[in-house]
């Protein structure tokens, strides 16, 4: 039976919802697919649920083809396993926590590594049981600080999460590859462009991680790629360090007056005006060493100041810093932080002063000093002298100061070299639609998942975890398939195959609409039939364009001549076909 | 492709789980269908998920046939709508409550009346939009005090909940009937015995309510039924009151000594020994009026003592009392309650004393006194005289005391008359598998759901709500379909149609098992193929019996003669059939 709009629970809206930031959100609400219930929490109306079910079916088919078995775990989970892996704490405010009537601690699971690990531990005991990949399609919860853009960043959202279990590293590679291949098939079938980028494993732990990013201006993720095939999330980009240079014979550092130089630009101007290079080459921002003071909050609650030194023509990029210092939380140092550190002269901070080392190894402050990979031994810098209104010129890395380590904190820019030598990178924005992780043995170690290996010895299992944001994907497809009139669903995920409109007041058009709808359903197509009486053709056309079913059949005045129109939503082409030729015109 | 046991995520257990109280729980865990994650919270393993999906599919089909559209609402909902209807408070400790990072109050929804009501209010405005029935199959949360019996009473469980919306009472009747009819079809298709009983609408509010109970010794619900067709939950059973009798000319009440009569039985013994009836008929417990002091806690937190008077041969039944006083919570009065009420002489409480009325209308205590329907005017009672070690004989209702009202607090017993005159009732135990409510206008009133009626006036919508416990049903089917070897699934919900076993070590049996499995899949059957090497036939037989697929095909030694065995799990019958005749033997 066709679905009749006259009694379908669907109402289109003429106005955009006030809170909609992006097209997918605006159109999915206006066309009656979803409705907001709370920030980042949505209800699915019947037509929205159909699209979601079709996406889930594609995912299920490809998971089955990849040899994964479907399970279903609770959303409500006890604290204990997440305590063991420390994620109860690490997840911070992003975790929804609650207590039951007996005061027991529970969470709404953001992902399920812990309980999948424990389930396999419970049921399996031998290498012969492995490899295993199991998955679920299930509602997840994350208390996002800023839920945004409708389904793109929700607090309750549907996710496909799969977990693989292997004895050997080679086994994990194979399981990882099988999921990665399945993801490529899924996104291709769903008509979703994607770029696979290297990613930082971040709080998930583990060794290798790749993200599937859908390039999109509404994306929150920035990634870099080279024409030669390199692609990475900015968090995962690594800088090629220059070769160290010998510093024998370089002159001693020189402390010079530098009043009124609050910025790198004013410092460079002063340097060129007052202290020009002997060889005439102008000083640039890249000749200065910028020292940024950050405050880390560690998991145990302790606060640590660290200083990051980087070339003055670069800025600290917080996303990269956050990954570099995870699981600690990072923020800019506050006045209070400085107040407790009289050894740091604000505005003139540097690793060195005429009295000795201020930062880094064997320094008087003991503050950790981490530098950008470009700050290699032998490089010379203009930087703060830790004296009011004074900078030091010709400060040499490896001679005058020794950093405590390297940190990838600087921003990445178009034109920077790809670390694999494949040429300069460009920057683009994308939305994460899938993420594959080689977790390794972190979770199995923490939770004691071991099996007997071929030699009868206990071996810790190695794991992978693989996620696809189902509801996010739906929004991304809508984002990529719409025009100014409404949604334009690709056939693979459309809620219906055909939208039949009966236009006009004549009973005959409704009779024809009815018979065409029945015939198309009989031919195996899913039909939405607009049988609403007393609506103008214009209203029905506008609704059909907004709803976005790929093919629209219009039964109107033409029926007197035995014809109807077949309208392709994507191209806008309209073709006149005989009433009994509609199924054929739609390829049936 | 058949599902191969060699790499299926399924492990059977030889031992019963320690916490299993009922067969369904024991067998579903042992056969690898479910695993406990927390009290009342379960994970679904692949084979369990298949059964659940089949049940859901039956429900979906019948909901569609009943004209209902599927939607999906969040489990995580904001407090506000539940505050408006007072359920945020009324649900008490049964509601999982939590806060988000901004301190906003949320709940995990136990049912969704509020947000369905608001959604219809949001989208609909006219009587022409109605009737409407929408439903979801979704995970619900209730913080049960005593989660028990596996899936029978869980804290996270899957439910089909439907909601109907009508303008008129007749419309509600029709929508209610359509759901009720669908429930009958669903339970019949699932092979579930059921009794439809009158129920109390309880905390849901509303006017009419019926429960679908599956008669079962493991049920928590007691219901009564008569041979003449009456059936009701004990909470909903109503007592037929006797006719009042004239009390003109009855003697005045007589206060008599009654030491050492702590129980009704001792009181009756003393009465017969010391104060026999003049006509020689013995006193019985039914001649005494038992006065039970209860403490109500109202929603606003105030505590009220009430006294319930009932014939001494009856006990107060807490389930009936709870319904009678809902939404107040009820418990037995405590010592502290008595301490504050010196007017009540414990052990000798009654509505009357020689000094005047103690309970009921115009009493000195002002304590509400509610009586069993059998305590009609003119009935004579032996009851406490509110004096230490004294009872009063011949106390006449309506003359010596006047109750404040009637309460259905007494227990119901086999042989009690059905209220509709259809004969004596018997008692049985059952599990609630479905519940249909005529909510009426309670929710629409509270949340302002009105539409324009035919006359252009605003009319409040009338609603119904209809629930089926999906995961509970699965357990009930298992409970009713098992033997001492394991599960015995009815075909309609079985995880697979056929379980093929290759027994023995000969490669040939595996080749035959493989080809039979492939042939049966090609014939449209879902096949579980036990291709595990190196297991004895006995282990495979035991697993097959435990797992409970309806038909089992055994490829063993017989293949040398070109035959296999087809084993009917339910009857135990084994038939020898030619290898190429298996599909035909299974009706394909």
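Computed from the coordinates by the stated procedures, all read-outs in this text should not be read as laboratory data. As the structure is a computational prediction, the values presented were derived from the model and not from experiment. Neighbour counts are summed over all protein chains in view; Cβ atoms, including those assigned to glycine, are modelled from backbone coordinates with ideal geometry.
Counting, for every residue in B:95-104, the Cβ atoms of other protein chains within 10 Å of its Cβ and taking the mean gives 5. Which FRET efficiency value, to the nearest 0.05, do you get for residue A:286 and residue A:420 by plugging their Cβ-Cβ distance into 1/(1 + (r/R0)^6) with R0 = 25 Å? In this case the efficiency is close to 0.55. Normalising the average separation of contacting C-alpha pairs (under 8 angstrom, six or more residues apart) by the number of residues puts the relative contact order of the stretch B:254-406 at 25 percent. Per-residue shielding of B:106-114, expressed as the average number of other chain Cβ atoms within 10 Å of the residue Cβ, stands at 2. Okay, which of the stretch A:448-477 sit inside 18 Å, backbone N to the point 7 Å along the Cα-Cβ direction of residue A:53? Only A:470-471, A:474 pass the distance filter. Where chain B is carried onto chain A by rotation, the Cβ closest to that axis, with its residue and distance in Å, is B:98, 2. Residue A:65 label point (Cα plus 7 Å toward Cβ) to equivalent points in the other copies: 3.5 nm, shortest first.
By definition, a body whose alpha carbon gyration tensor gives a ≥ b ≥ c is prolate when a/c is 1.5 or more and a/b is larger than b/c, and the stretch B:254-406 fits this prolate description. Residue A:286 label point (Cα plus 7 Å toward Cβ) to equivalent points in the other copies: 10.7 nm, shortest first. Counting, for every residue in A:6-13, the Cβ atoms of other protein chains within 10 Å of its Cβ and taking the mean gives 4. Alpha carbon centre of the stretch B:1-56 versus the stretch A:251-282: separation in Å? Computed from Cα coordinates, the inter-centre distance equals 74 Å. Modelled label positions at residue A:252 and residue A:302, each set 7 Å beyond Cα in the direction of Cβ, lie 3.8 nm from each other. Packing order of peptides B:152-158, B:188-194, B:248-254, highest average first: B:152-158, B:188-194, B:248-254 (average count of other Cβ atoms within 10 Å over each peptide's residues). Against the main long axis of the alpha-carbon atoms of chain A, helix A:113-123 sits at an angle near 70°. With contacts taken as Cα pairs under 8 Å at a separation of at least 6 residues, chain B carries a relative contact order of 17 percent. Relative to the longest principal axis of the Cα atoms of chain B, the long axis of helix B:507-522 makes an angle of roughly 60 degrees. Counting beta carbons within 10 Å around each of A:5, A:586 and listing the fewest first gives the order A:586, A:5.
Please label the shape of the stretch B:100-188 as rounded, prolate or oblate, based on the square roots a ≥ b ≥ c of the eigenvalues of the alpha-carbon gyration tensor (a/c under 1.5 means rounded; beyond that, a/b larger than b/c means prolate, else oblate). Here the stretch B:100-188 falls in the oblate category.
Between residue A:146 and residue A:573, the simple label model (points 7 Å from Cα in the Cβ direction) yields a spacing of 4.4 nm. Position residue B:177: other-copy label points at 6.5 nm, ordered by increasing distance, label point 7 Å along Cα→C-beta. Taken as Cα centroids, the stretch A:518-575 and the stretch A:293-361 sit 64 Å apart, rounded to the nearest whole angstrom.
The stretch A:136-196 and the stretch B:125-169 have Cα centres lying 30 Å from one another. Judged by the mean number of other Cβ atoms found within 10 Å, the most tightly packed of the peptides A:361-373, A:129-141 leads the ranking A:129-141, A:361-373. Of the peptides B:468-480, B:171-183, the order by per-residue mean of other Cβ atoms within 10 Å, starting with the highest, comes out as B:468-480, B:171-183.
For A:431, B:512, B:84, the sequence from fewest to most other C-beta atoms within 10 Å is B:84, B:512, A:431. For the pair residue B:332 and residue B:19, what calculated FRET efficiency results from E = 1/(1 + (r/R0)^6), where r is the Cβ-Cβ distance and R0 = 30 Å, to the nearest 0.05? Efficiency for this residue pair is about 0.50. Shape of the stretch A:172-237 from the C-alpha gyration tensor: oblate (a/c of 1.5 or more and a/b not above b/c, with a ≥ b ≥ c the square roots of its eigenvalues). Contact order, relative form, for the stretch A:433-588: 19 percent (alpha carbon pairs under 8 Å, 6 or more residues apart, mean separation divided by residue count).
Considering helices alone, the calculated mean residue ellipticity of chain B at 222 nm is -7000 deg cm²/dmol, with DSSP H runs of length four and up weighted by -39500 (n - 2.57) and normalised per residue.
Put in order of Cβ neighbour count within 10 Å, fewest first, the listed residues B:359, B:344, A:45 become B:344, A:45, B:359. At an R0 of 60 angstrom, the distance between the Cβ atoms of residue A:189 and residue A:277 translates into a FRET efficiency of 0.50.
Here the label points at residue A:339 and residue A:484, each 7 Å from Cα along the C-beta direction, are separated by 5.7 nm in the simple model.
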